[in-house]
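Heads up: the structure comes next, in structure tokens.
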Amino acid sequence: MARFATATAPKRQETALDTATVNFRRAAAHLNLTADMQTLLSTPLREMRVEIPLRRDNGELQVFTGYRIQHNGVRGPVCGGFRLHPKSDLDEMRALAAATTWKAAVLNLPFGGAQGCIICDPATLSRTELERLTRKYVSRVHMMLGPYRDVPAPDVNTDSEVMGWVFDQFSSAHGYTPACTSGKPQAMGGSLASERATGTGLAIVLREACKDLGMKLEGLRVAIQGFGFVGHATADALQKLGCKVVAIPDSKGGVRNYQGLNVEALSKHVEESGTVAGFAGSEKITNDTLLESDCDVLIPAATDSMLTGSNAARTRAKIILEGANLPTTPSADAVFERLGVTVVPDILANAGGMASSYFEWTQNLQQIFWDEEHVNRELEKVLCHAYETVSARARQDKSSLRTAAYCVGIERVARAESLRPV
């Protein structure tokens, strides 16, 4: 009898929303949350979609879509990233907003989580087009924003200048309101060291994790995915701690040198060429070969869903330090758990950016200005306390750091939620 192959549908790729949902459900089950509480905590507070018409420099009219998702405001005004990216969508915004809620709670900050975007490719827009587009977006969502409602923060493709446009546009409707956003230029009330906060925070958290694991920082080999604001600041901070940054790819190429890359020289090379590719004294690599680099620490610092069940087993690192949001899918987590790899989750590892947003918001509300030493001291205090809390919870529950972090964050939000009538 002839045998016929049975066609099977290809396995669907795990998305950021899948990852956020699985992480929440695992922690909720661990905490024995009621079905009602799980519903309350997993349902966004408010969602807005806007259509943004833009008259291009050549006279053409183009319409872009934007979102602002407010996940949970029970512990305070929501705060979260505003990004410009061509592949963003509603599900990604929901996932990131929820993760930001748990991140703020892990740090024990009086914030909930939010996320927003304009679906566009900034590389195809002139700077003046980008400014008009950003301002038009703010003019359509400004009723949701404000220092006691929603505080946007910088994210993918949004630098301090873009956040300055957000602040100025909001203020044009509501009066001078510096606390309405974070990540602004210092001349507009921005906090010192804000652009380096996520990278500095990653170095602090890695230092604390290495203490727990009995690993020395001196000579620790680190591979970092991406050399944007986060990747660059992380590489610089880790090199100052004595680590060897051995591999860095970006969107145009990648470099590796197991003797250690000179971060300062690499930075100058990127300023001149626009990419890490071609840096003298290094071998060429790709994002795929980054995973196979012989290193102690791998830092995914670019996009979500980078580490999956199909590539996780190729990684050779002992520690995964999540610099990006939701970079590790549940199937990859299972592989890392089986291999005994320590994963320091995003809602703890990269929370320096959230802490910096809180510092800026606090300074703006009080109309004061912290010097850089004060900022760094507060960052150290907040992140070390958060790491100690999560690490202790992981030991107590005999769980992973991810489950422990989610349990800490979700438990704090659930406690506040239970004190308010439905």
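In region 309-334, which residues are surrounded by fewer than 21 Cβ atoms within 10 Å (Cβ to Cβ), under 16 Å from Asn23 (Cα atoms) and modelled with pLDDT of 95 or more? Once the filter is applied, which keeps residues that are surrounded by fewer than 21 Cβ atoms within 10 Å (Cβ to Cβ), under 16 Å from Asn23 (Cα atoms) and modelled with pLDDT of 95 or more, region 309-334 yields Pro330, Ser331, Ala334.
Residues of region 272-309 that are in contact with a strand residue (DSSP E or B) (Cβ under 8 Å, 6 or more places away or on another chain), part of a loop (DSSP other than H, G, I, E, B) and of a type in the set (D, E, K, R): Asp294, Asp296.
What residue, of Val205, Val222, is under 29 Å from Thr389 (Cβ atoms), in contact (Cβ under 8 Å) with a residue 24 or more places away in the chain, part of a helix (DSSP H, G or I) and among the aliphatic types (A, V, I, L, M)?
Numbers: Val222 fails: part of a helix (DSSP H, G or I).
From the options Val205, Val222, the qualifying one is Val205.
Considering each of Val141, Val166 in turn, give the residue that is open to solvent by less than 10 Å² (accessible area, probe 1.4 Å), closer than 18 Å to Ser356 by Cα, in contact with a strand residue (DSSP E or B) (Cβ under 9 Å, 6 or more places away or on another chain) and not in a loop (DSSP other than H, G, I, E, B). Show your work before the answer.
On the way: Val141 fails: closer than 18 Å to Ser356 by Cα.
After applying the criteria, what remains is Val166.
With respect to Ala114, determine if the residue is in contact with a strand residue (DSSP E or B) (Cβ under 9 Å, 6 or more places away or on another chain), of a type in the set (Gly, Ala, Ser) and assigned to a helix (DSSP H, G or I). Taking the combined requirement at face value, the residue does not satisfy it.
For region 144-163, enumerate the residues that are assigned to a strand (DSSP E or B) and under 16 Å from Val50 (Cβ atoms). Give the steps one after another, and end with the answer.
Of the residues in region 144-163, the ones assigned to a strand (DSSP E or B) are 146, 150-154.
Passing the criteria: Asp150, Pro152.
If you go through region 231-251 and keep only what is more than 21 Å from Ala193 (Cα to Cα), open to solvent by 20 Å² or more (accessible area, probe 1.4 Å) and touching a Ser or Thr at 6+ places or on another chain (Cβ under 7 Å), you end up with just Asp250. Evaluating Gly254 against the criteria (1) open to solvent by less than 10 Å² (accessible area, probe 1.4 Å); (2) under 27 Å from Ser400 (Cβ atoms) leaves one unmet condition, (2). Could you say whether any residue in region 180-195 is among the small types (Gly, Ala, Ser), assigned to a helix (DSSP H, G or I) and buried (at least 17 other Cβ atoms within 10 Å of the Cβ)? Checked region 180-195: no residue is among the small types (Gly, Ala, Ser), assigned to a helix (DSSP H, G or I) and buried (at least 17 other Cβ atoms within 10 Å of the Cβ).
Residues of region 368-422 being part of a helix (DSSP H, G or I), open to solvent by 50 Å² or more (accessible area, probe 1.4 Å) and farther than 26 Å from His71 by Cα, which ones? Talk me through it step by step, then tell me what you get.
From region 368-422, those part of a helix (DSSP H, G or I) are 372-397, 401-418; that's our starting set.
Cutting the leftovers down to open to solvent by 50 Å² or more (accessible area, probe 1.4 Å) gives us 372-374, 376-377, 380-381, 385, 388, 395-396, 411, 415, 418.
Answer for region 368-422, where residues must be part of a helix (DSSP H, G or I), open to solvent by 50 Å² or more (accessible area, probe 1.4 Å) and farther than 26 Å from His71 by Cα: Glu372, Glu373, His374, Asn376, Arg377, Glu380, Lys381, Glu388, Arg395, Gln396.
In region 118-138, the qualifying residues are those that are assigned to a helix (DSSP H, G or I) and open to solvent by 50 Å² or more (accessible area, probe 1.4 Å), and the one that is farthest from Cys79 (Cα to Cα) is Thr124.
The values are calculated or read from the model by the stated rules, or taken from the named source; none is laboratory data. Quantities reported herein were computed from a predicted structural model and do not represent experimental measurements. FYI the Cβ positions are ideal-geometry reconstructions off the backbone, even for glycines, and counts take in every protein chain you see. The area values use the complete protein model at the heavy-atom level, side chains included, leaving out ligands, DNA and RNA. Shrake-Rupley method; radii C 1.70, N 1.55, O 1.52, S 1.80 Å.
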